[in-house]
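First comes the structure, then the notes that go with it.
The values are calculated or read from the model by the stated rules, or taken from the named source; none is laboratory data. Please read all numbers here as calculations on a predicted model, not as lab measurements. A quick note on method: Cβ atoms are made from the backbone with ideal geometry, for glycine too, and the neighbour counts reach across all protein chains shown. Note: areas computed on protein heavy atoms with side chains; ligands, DNA, RNA excluded. Shrake-Rupley method; radii C 1.70, N 1.55, O 1.52, S 1.80 Å.
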Amino acid sequence: QVQLVESGGGLVQTGGSLSLSCKVSRNIYSFTAMGWYRQAPGKRREEVARMIRGGRAFYQSYAPSVEGRFTISTNITENTVQLRMDSMKPEDTAVYYCAAEMVELYTETYWGQGTQVTVSS
């Protein structure tokens, strides 16, 4: 089973920064895409940032609400995916989940357990 473990969540003030990390049990090149998602209380899960692999290159995309503030990246040697969050807002408060997508004969998506991020005002 593919396992993902998020870390780095916590409490941060408005305007502050926080970095999340996702440790993956397999090499990042095993996956078609990696992403960060979040779910706030009473709301549906939404995609925050995503990187799609093309060979050994990755192409990043972001939700409009975080564009310019969040950055997704990967450390291949450590099998980790990071989400750097800057200029944080109270509406960023949510449980953040890491996801890995693998395409073989069908698409399989693996999820971490999530880490709580709270932005105080």
- Tell me which of these L20 doesn't satisfy, since it passes every other one: (1) within 14 Å of the chain's Cα centre (by Cα); (2) within 18 Å of V2 (Cα to Cα); (3) among the hydrophobic types (A, V, I, L, M, F, W, C). (2)
- Message: Whether any residue in the range 50-68 is under 18 Å from Q116 (Cα atoms) and assigned to a strand (DSSP E or B) is what I want to check.
- Response: no
- Item | Any chance L83 is exposed (fewer than 13 other Cβ atoms within 10 Å of the Cβ), assigned to a strand (DSSP E or B) and not hydroxyl-bearing (S, T, Y) | no
- Evaluate the following for P90: is it more than 15 Å from L20 (Cα to Cα), open to solvent by 50 Å² or more (accessible area, probe 1.4 Å), more than 14 Å from the chain's Cα centre (by Cα) and in contact (Cβ under 8 Å) with a residue 40 or more places away in the chain? yes
- Query: Restricting to the range 93-121, what's the tally of residues that are over 17 Å from L11 (Cα atoms) and more than 13 Å from the chain's Cα centre (by Cα)?
  - Reply: 8
- Query: In the range 98-116, is there at least one residue being in contact with a Gly (Cβ under 6 Å, 6 or more places away or on another chain), among the hydrophobic types (A, V, I, L, M, F, W, C) and more than 25 Å from R56 (Cα to Cα)?
  - Reply: no
- Message: Which of the numbered conditions does T14 fail, given that it passes all the others? Conditions: (1) in contact with a helix residue (DSSP H, G or I) (Cβ under 9 Å, 6 or more places away or on another chain); (2) over 14 Å from E101 (Cβ atoms); (3) open to solvent by less than 70 Å² (accessible area, probe 1.4 Å); (4) polar (S, T, N, Q).
- Response: (3)
- How many residues of the range 96-112 are touching a residue at least 60 places away in the same chain (Cβ under 8 Å) and more than 18 Å from I28 (Cα to Cα)? The answer is 1
